[in-house]
Amino acid sequence: MVKIILIVVKRAYAQLQSILDQKSACSDINDPRFHYQWQECGKYGMMLYLQFPAPEAEEPGVTESFISSFLSRFIIHDLRDFLFQDILRFNYFYLSKAEQDEICLQARRNLERGLIGHRHQAFGEIIDQKIREYLFQHNNYLNVEGFIYFRLQDYQLELKQIVDEAVENYLTEKEYREFIRLLKYFLEIQQPKIDLVHLAVDESGQFQITDQHLKKIDPRDWEEFDLDELEKDSDYEDILVSMLVSVAPRRIMLHQNVLPRYPKTVETLRRIFAGRLILCHNCAYCRQEVKHLVNIDKPK
């Protein structure tokens, strides 16, 4: 007795065909009754015709397990980017095609690492089981994308959360790049008000600003900057960067204890000040001073 299953695939069917060819070539399926072929379905994509021996017991047989395995692999790996793109087109249609492509790439990177990647692999096992149940319940027709839409809603939600996070990160980075661009422009049109600023971190974890003679600078002396904003603003690092831009020093000497404590600030200063930024290489000042690094909380 044989069983026939029809599988309709709208997208990426070439990848499915490749998976099927590879898996069938190295599988234990040697029954001559196992047979498959492809047929075009116009705008619906391609239809896969599968014929195989029906299982005798009330459990999925070897061939059904084989079919569910390559279909779940296809959904998880080969349709993933298409599903990301669907989510972006539906929920973030206002983003350009280039932006959507960049976010899709970021979502894929996020998915392939860490806890998200392990959770995604666990979904593969769930999808495999759902396909087995579906095929075993006397069904002989499976539309892959319809199956995803109606029976894999948890998986769709998982992908949407990954895309949402990638969009948030992308927009945050975009705002940051615009912030950097504006500060660089403002710096270029400013006349330098000081030749050299030394930037270090004191024992309380706050920035210590000194002049070329290592004399402490009181930011209140810089009329262009309102220190009250520094004291009440939650973004301590951004306020410091804005302050330095406002006085446009010709050079900034960045001492060794700043980078471990404020890596984000250092990167921002590198982008804005570029050639004006000098990195200290264990100077006499740093050798004499205690290096206050990361053993205390950042200032609130």
Under 5 Å, built H, 5+ apart or other chain: amide partners of His198 = Thr210, Asp211, Met253
Per-pair calculated FRET efficiency, R0 = 22 Å: Ile180 and Tyr92 via Cβ, rounded to 0.05 = 0.40
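If you place +1 on the Cβ of every Lys and Arg, -1 on the Cβ of every Asp and Glu, and leave all else neutral, what size is the dipole of segment 123-188 about its Cα centre, to the nearest 20 Debye?
140 debye
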Once the principal axes of the Cα atoms of segment 2-182 are found, what is the range along each, listed largest first in whole angstroms?
-> 70, 36, 29
Provide Tyr176, Tyr185 in ascending order of the number of other Cβ atoms located within 10 Å of each residue's Cβ, fewest first.
-> Tyr185, Tyr176
Qualifying chymotrypsin sites (Phe, Trp or Tyr not before Pro) in segment 94-162, DSSP loop, other Cβ atoms within 10 Å at most 10 | Tyr94
Taking a threshold of 21 Å on the Cα-Cα distance, which of the pairs Lys193/Lys216; Lys3/Lys130; Lys184/Lys215; Lys3/Lys43; Lys97/Lys264; Lys215/Lys264 fall above it?
-> Lys184/Lys215; Lys3/Lys43; Lys97/Lys264; Lys215/Lys264
Point-charge dipole on Cβ atoms (K/R +1, D/E -1) for segment 2-182, about Cα centre, debye to 20 | 380 debye
Each label sits 7 Å from Cα toward the beta-carbon; between Asp21 and Tyr285 the label points are separated, in nm, by 6.6 nm
By count of other Cβ within 10 Å, fewest leading, how are Thr63, Thr265, Thr210, Thr172 ordered?
-> Thr172, Thr210, Thr265, Thr63
Segment 97-109 - phi-based ³J(HN,Hα) in whole Hz, Karplus 6.51/-1.76/1.60, Gly and Pro as x | 4, 5, 5, 5, 5, 5, 5, 4, 4, 5, 4, 5, 5
What FRET efficiency comes out for the pair His35/Thr172, r = Cβ-Cβ distance, R0 = 45 Å, nearest 0.05?
-> 0.30
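No lab work stands behind these numbers, since they all come straight from the coordinates. Computed from a predicted model, the values in this text were never measured in an experiment. Methodologically, a virtual Cβ is constructed for each residue, glycine included, from the backbone with ideal geometry; neighbour enumeration extends over all protein chains shown.
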